[in-house]
Structures are given as structure tokens and as C-alpha cells.
1. Name every residue in region 8-24 that is surrounded by fewer than 16 Cβ atoms within 10 Å (Cβ to Cβ) and in a loop (DSSP other than H, G, I, E, B), in order of residue number.
2. Filter region 232-250 for residues that are at negative phi and either within 19 Å of the chain's Cα centre (by Cα) or in a helix (DSSP H, G or I) (or both); which is modelled with the lowest pLDDT?
3. With respect to residue 192, determine if the residue is more than 17 Å from residue 219 (Cα to Cα) and crowded, with 23+ Cβ neighbours inside 10 Å.
4. Would you call residue 144 more than 17 Å from residue 109 (Cα to Cα) and at pLDDT 95 or above?
5. Any idea how many residues of region 59-74 are under 18 Å from residue 113 (Cα atoms) and either touching a helix residue (DSSP H, G or I) at 6+ places or on another chain (Cβ under 7 Å) or part of a loop (DSSP other than H, G, I, E, B) (or both)?
6. Of the numbered conditions (1) touching a strand residue (DSSP E or B) at 6+ places or on another chain (Cβ under 8 Å); (2) not in a strand (DSSP E or B), residue 77 satisfies every one except a single condition; which is it?
7. Just checking, which of 177, 154 is within 27 Å of residue 48 (Cβ to Cβ), touching a helix residue (DSSP H, G or I) at 6+ places or on another chain (Cβ under 9 Å) and either part of a helix (DSSP H, G or I) or without any contact (Cβ under 8 Å) to a residue 40 or more places away in the chain (or both)?
8. Listed residues 250, 277, 302; which is free of Cβ contacts under 8 Å to residues at least 24 places away in the same chain and more than 21 Å from residue 129 (Cβ to Cβ)?
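The values are calculated or read from the model by the stated rules, or taken from the named source; none is laboratory data. Remember, it's a predicted structure, so these values are computed and weren't measured experimentally. Cβ placement follows ideal geometry from the backbone for every residue including glycine, while neighbour counts extend to all protein chains displayed.
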């Protein structure tokens, strides 16, 4: 039995070398990339047993995803199918004034047809925490119903539920997202949301501290974590706000830092840490992941604790 169970899509992310453009690249680096699986890897690397649920094509591409996640310790429970395809995403690194760009190729992915009866929901009921992100219900109407059913199963089993809004404008509109989120919120204990998403998607106003209070009060979450990009993050819990700044980092690849943050936060909470300590670990993990290519938090507890302690030696001898 895993402490943390996550459900969602993982794409294969194809990235041209350096800052080359997708349309001119002759080669691509291939890595697994998915919000829920990223969180599962981060949590597992930091001491929490994690399982990732999904539906994948029974193909070399689907097996490529599973193989990469399992190499990092995550258990996988997959519904294999001959219908649908493996979702792809292309990531083009940019720098000022040309920003980075993501091109999605996810239509008709196998996971978009996933139904709750295809999975062993006892895995969710028996876990200590069930995690999902807003990316998954954005992918299809079927997944919106599946996510709702899984959250209901988790609640019925007494499993804590955590949800990262993770709004993606290329997948759905703010109006569509808000309608779905309001249906899902009653089944969620721990909410993670970017301050910009609280404003853009949910229509809340105020600074991040006000947003956290308003969200916690409006929807009766146990914990609300509001991320503020380069200003760090704060968490509302038991009607008390806890704040933490970002750790300084030299960014190699910014994608995946939010998932590392969430995975580390949840892992420390499951380990019995209080909210301030969990925020500290989460912020350190997010800083470390920005120094790595790809989305996965290939970290150790010792590395996270070294960042917290201010041990910044560039060569480990």
C-alpha cells in the first residue's frame, strides 16, 4: 500500500537542444512529463511511497513512460489499451525577449477515455493521500467525471485529498475551468493554487494572503497553499498563515519546479512535519529542480536539507 496515490496523464516531452526552435530542430531529448507523476516522483524521492495510476496505449511509447517513472521508485498501476495514443508535448526553451513555448499534441490520448470502473479504487481508499491536478479534468469530459468519482471514493475511504489547480490556458478557458473546479472543491482537503490562477480562474481579488484566507473560508479546505512565483509561497492552515521565500537558484529548466514543490510539501506533511517545515522543504525542492533538465525531481533528502541549511558548495568532494 502506498502513502500517496496520484492519477493523471503523463506525456512524453520532446525538447530541442539548447535554445533551438522546434521547427528547425533535427534532434529532440525525450523525457516523461506529467503533473501527477512529477509529484509522485518528488514525494517518493523524499521518503513517501507513491503509486501513479493512468491509462496508456500498449505500445513502446506507453511503456517508455512507465519505465522512466519506475526507475525513480514510483509504483505504477496502468490500464493498458489498444485504443488511443500516447500524448506528446514539445518544449522550446526561450530567453528574453523570446519566451519558452509549449506545443501540446495530446488529442485522443488513451487517458482521455479513462473511467473509474477500470481502476482498482481500493488503491485510493487505502492510501493516506490521493493527489490530482487540474490538468487532468481539462483533457476531456470523461476525465472530469472520472476525477469526481475518484475524489468521492477517496473521501469515502477516509483518504486525504490534495489538488493542484495548475491551470493551463492551452487546455481550457477560465470559465470552463471554474465550472469544473467548483464541482470538485467539496471533495478536496488540501488545495494548491498559484495566486494568478485564483484571480484569473476563480475571480478572487486581493493579495496572496487575502486569497488564501478567502479560499479557505469559502470552500472549507483544511489547507490552502498559494504560490507566488519569485515571491515564494504561503500556506493557510488552522486559520493561521505561514510564509516562505524562494531559495536562490540558477535556472537550467524551470518546468517541473511547481510539481517538485507540491510533492515535497505533501511528502513532509505525510511524514508528520508541520506546515512551516513542509513549506521550507517544498521551497528547497523547487529551487533544486530548476537546476536539472526535464520535469522530474531527481533529488535526495540530503540535498534538500543542504539547501535549507545554506550549504552551497559547488563541488561535493
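1. In the first step, residues of region 8-24 are kept if they are surrounded by fewer than 16 Cβ atoms within 10 Å (Cβ to Cβ); the result is 17-24.
Selection gives 17, 18, 19, 20, 21.
2. Pass one, region 232-250, residues at negative phi: 233-237, 240-250.
With the extra rule that they be either within 19 Å of the chain's Cα centre (by Cα) or in a helix (DSSP H, G or I) (or both), the set shrinks to 233-235, 246.
Details: 233: 95, 234: 95, 235: 96, 246: 89.
The residue in question is 246.
3. Spelling it out, it is not the case that residue 192 is more than 17 Å from residue 219 (Cα to Cα) and crowded, with 23+ Cβ neighbours inside 10 Å.
4. Values: more than 17 Å from residue 109 (Cα to Cα): no; at pLDDT 95 or above: yes.
For residue 144, the condition - more than 17 Å from residue 109 (Cα to Cα) and at pLDDT 95 or above - is not met.
5. Of the residues in region 59-74, 1 are under 18 Å from residue 113 (Cα atoms) and either touching a helix residue (DSSP H, G or I) at 6+ places or on another chain (Cβ under 7 Å) or part of a loop (DSSP other than H, G, I, E, B) (or both).
6. (2)
7. Values: 177 fails: within 27 Å of residue 48 (Cβ to Cβ).
So the residue among 177, 154 that is within 27 Å of residue 48 (Cβ to Cβ), touching a helix residue (DSSP H, G or I) at 6+ places or on another chain (Cβ under 9 Å) and either part of a helix (DSSP H, G or I) or without any contact (Cβ under 8 Å) to a residue 40 or more places away in the chain (or both) is 154.
8. Values: 250 fails: free of Cβ contacts under 8 Å to residues at least 24 places away in the same chain; 277 fails: more than 21 Å from residue 129 (Cβ to Cβ).
Of 250, 277, 302, the one residue that is free of Cβ contacts under 8 Å to residues at least 24 places away in the same chain and more than 21 Å from residue 129 (Cβ to Cβ) is 302.
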